[in-house]
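So the structure is just underneath, and the comments pick up after that.
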Amino acid sequence: MSCFARRALSGLSLLCLCSAAFAAGPAIGLAVANGNFHLDHSTVWGNATLFDGNVIETGASSSQIQLHNGVNLRLAAESRARVYESRLVLEKGIGQLESANYRIDAGSVQVAAEGTGAEARVQINGHNRVTVASREGEVLVSNTRGVLIAKLETGREMTFEPQENAGATVTKLSGILSLKDGKFVLVDRVTNVTMQLQGPGLEAEVGHLVEVTGTVNSAAPTVPGASQLIDVATIKRLVNNKRVAGGAAGAGAAGAAAGAAAGGISTGATVAIIGGVAAAGTIGGLAAAHALPGQGSNQSSASR
C-alpha cells in the first residue's frame, strides 16, 4: 500500500471515530453492577458509561445508575429500561428513583419523587398494568399527558391500568365533598388527588362521603391544587362504603365508569378512574421490601 493510501485510510478511520463520538453525544452517567448486564444488547461487566437513549438490561444482579446531573436510580434483577438525561423509560421489571427533578415512565403513567429524600419504586406487571410505591416521602403519578392522577405517601402503593375503551374523559371518584370559596371540591380517597366538581345535586351532599362519576371539562380548574374540573353526571352518598339510593341522574357516564371498572385492577378493591387510568390501592411488598431483587447486601453503591 502506498504512503498516500495509508494516510488516506488513516484519515478515514479517524473521521469515522469522530463521527461516531459526535453521534453518541456527551456521556450522561454511569451504570454499575456486581456482575454483568447488557448495554444496547452487548454484555458489560462491572460498570459502563451511559449515553442518552442507552438500553440497560439486568440479569441476576441489580444495577445502579448515577447520572451526571445528580440523579440516582436502580434497576432490579431481570429488568430493562431505556435511560435518558431527563427520564428513564421502564420496559420490564422494577425501577427505583431516588432523586427529585427526574421521572420514570412506565406504561400509562409517569412517576416522580417529590422533594429531597423521596424514593419511588415502579414495577411493570404484565402488558398494561403498573404498580407504584413510595418507599419514602411523596410520590406523584401522572398520566402520559402530564395530568396528576395520584399522590402516594410513605409506605403506600397503588396499581394503575389504562382504560382505553372508556376514554380519558370518564372519571370515577369517592371522598368527602366540601365547599371551598364557593366551589365544590373532592379529595379522592383512593388517589389523594383534589378535583373541582360542578353540576346538579352537589349542594345537598356537602360534608358527606360520596361516589361521583362524570366527565372532564376542558376548562382549567379554578381551585388551587385541583387536578381537573369534572362535570358531574351522578353523585351517590355512601354509608359504610355502601351506596344510598338516590342522587343525581346520569346513567350515561355512570355506565361508562362502571364498564371501565369492570375489567378492574383487583376484585373488591375501591377503584378510582382519573385521566383515563384506573387506580386501586394494593397491599404488597414493593414498598416494604428492604432491597430490590438482585440487590445483595454487599453490593457497592454508586449513589450512597
* To do: Taking 7 Å along the Cα-to-C-beta vector as the label spot, tell me the Leu179-Asn217 distance in nanometres, rounded to one decimal.
  => 1.7 nm
* **Relative contact order for the stretch 61-158, counting Cα pairs under 8 Å that sit 6 or more residues apart, in percent** => 18 percent
* To do: Give me the distance in nm between label points sitting 7 Å out from Cα along the Cα-to-Cβ direction at His38 and His68, one decimal.
  => 2.8 nm
* **Relative contact order, percent, the stretch 63-222 [alpha-carbon distance under 8 Å, six or more residues apart]** => 13 percent
* **Spatial extent of the stretch 91-222: Rg and Dmax, with the Cα atoms as the point set, Å** => 15.9, 47
* Sequence-distant or interchain residues sharing an amide H contact under 5 Å with Leu50, placed H: which? -> Ile28, Gly29, Leu30, Ala31
* Simple spin-label model, 7 Å along Cα-to-Cβ: Glu78 to Leu238 in nm? -> 3.5 nm
* How much length, in nm to one decimal, is gained on full extension between Ala60 and Ala289, taken as 0.36 nm per residue of separation minus their Cα-Cα distance? -> 80.7 nm
* Structure fact -> With T = 4 °C, eta = 1.567 mPa s and Kirkwood Rh from C-alpha pairs, the Stokes-Einstein D of the stretch 27-160 in µm²/s is about 89 µm²/s
* aspartates and glutamates within cross-link reach of Lys92: Cα-Cα under 17 Å, excluding same-chain residues under 8 positions apart? -> Asp40, Glu57, Glu78, Asp105, Glu161
* Distance from the Cα centre of the stretch 162-218 to that of the stretch 39-79, in angstrom? -> 41 Å
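Any read-out appearing in this document is the output of simple, stated calculations on the displayed coordinates, not a laboratory observation. Worth saying up front: this structure is predicted, and the values here are computed from it rather than measured. Because the Cβ atoms are built from the backbone with ideal geometry, glycine has one as well, and the counts that use them run over all protein chains shown.
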